[in-house]
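Below is one structure, written out as structure tokens, with a few remarks after it.
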């Protein structure tokens, strides 16, 4: 059905999934407060499953929104295919993140209601970021997400590393937020609007103040680059990822990165296409540095968690190639890649949670010696996730990189495409090194008798991840077509996604 909403009605309909999640967050917090049972194990599973059901309800609302056709592009919240596909990615990451975190919360004795409530509200902020057409609304979504993730990073108050991670993330996050907000102010001063479509019209019409606009775009790029962990704004990532509770690290590595990239793409491809010559070269070099530096540093890491942190930085470089390419093929590839990245990273961190044990003391790569033979099912899950992260054929990660390369080649970014391929090949070393330890190295005698209990929630998450990784690698057509149609329906200036590469 096609509806021309008033502003108030449009917001209620367009934000239906976010409204459901907001109510869910309140319910979860109230249930945690009202429960008379001791905190921890008895309530965490119940709250976890209720949270997953609430996310499924938000997903149903997101599916219903496909039957609603937005008229015009004047609203601050988009109701287009891009926003709806983005919601699938973020909701999938949140649901899988809850499933892999249940056993961890029980093991560490964390407050389940606060953990799930904060996770849900961070999801709300990310969905607002991905759907926003106005820079101030993106900022509001960014702050909703950031405040929740700051607390999540430091939620384990008995762990000094967790407190340190939360403090570092808060200080550097607040610093980057200042850049982002100042960038919004400069863009407003240059164009007279914070609405993405109005900004694009001002630039295309030649009425924008060029000097203010360039500085504003640069500061916005800094703000986004911090959230996606692009070099040289990645300094916080290894320490925060290593110190934060592993489920929170998984959340930051997938949903936070996805929401930031989705907003990054909308703002730069729809709002600044006619200023492309002002920003493409800077982002080109940032993509190169991110891919090269992260992959080189990852090769010398001895901690699996820290290695996955630098892996996440490297994948940010791959995804920045799509921003630089600025065409519909690359944008669709970015959507597909974020979907597969969510699955393979959640799968990898799920295994890390199981292996690390109480207190997360088993994080070294050497701890995985013989793990594949001791726990063959878990070994296969971890191997598939690592192979997909590396981009091996037959996995979703491989197809994601293929689609990113198609977009880059279409934009005539030959050198950037070559660097993407070479750094991907270099990444095989540190991914396969973990797999080699699991399958080719003998386990210590004391480890050979250790067994790992896998809760049903974790089993469900890992099965979903592995099945979809393989499915997207073998049968990527349907998902990629949905991504293409989502990008074509992006509301902006003119039909579809605007953006011209050199």
- Task: Taking the chain as the reference, fit the longest principal axis to its C-alpha atoms, fit the long axis of helix 41-64 to the helix C-alpha atoms, and give the angle between the two in degrees, 0 to 90, nearest 10.
- Result: 30 degrees
- Note on the structure: So for R0 = 56 Å, FRET eff. of residue 414-residue 460 from the Cβ-Cβ r, to 0.05, ends up at 0.80
- Task: Compute the acute angle (0 to 90°) between the alpha-carbon long axis of helix 257-266 and the principal axis of greatest extent of the alpha-carbon atoms of the chain; round to the nearest 10°.
- Result: 10 degrees
- Query: What number, rounded to the nearest 500 deg cm²/dmol, is the helix-based mean residue ellipticity at 222 nm of the chain, given -39500 (n - 2.57) per DSSP H run of at least four residues and division by all its residues?
  - Reply: -25000 deg cm²/dmol
- Any idea how far the Cα center of the range 263-316 sits from the one of the range 153-225, in Å? 16 Å
- Rounded to the nearest 0.05, FRET efficiency between residue 218 and residue 136 (Cβ-Cβ, R0 25 Å) equals 0.85
- Query: Stokes-Einstein at 4 °C, 1.567 mPa s, Kirkwood radius from Cα pairs: D for the range 200-273 in µm² s⁻¹?
  - Reply: 93 µm²/s
- Separation in nanometres of the label points that stand 7 Å from Cα toward Cβ, at residue 474 and residue 207: 5.6 nm
- Item | Stretchable slack from residue 60 to residue 402, in nm (0.36 nm times residue separation minus alpha-carbon distance) | 120.1 nm
- Between residue 361 and residue 50, Cβ-based FRET efficiency (R0 45 Å, step 0.05) works out to 0.90
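Throughout, read-outs are computed from the coordinates displayed, never taken from laboratory work. The model shown is predicted, which means the values in this text are computed figures rather than measured ones. Glycine gets a Cβ as well: all are built from the backbone with ideal geometry, and neighbour counts include every protein chain shown.
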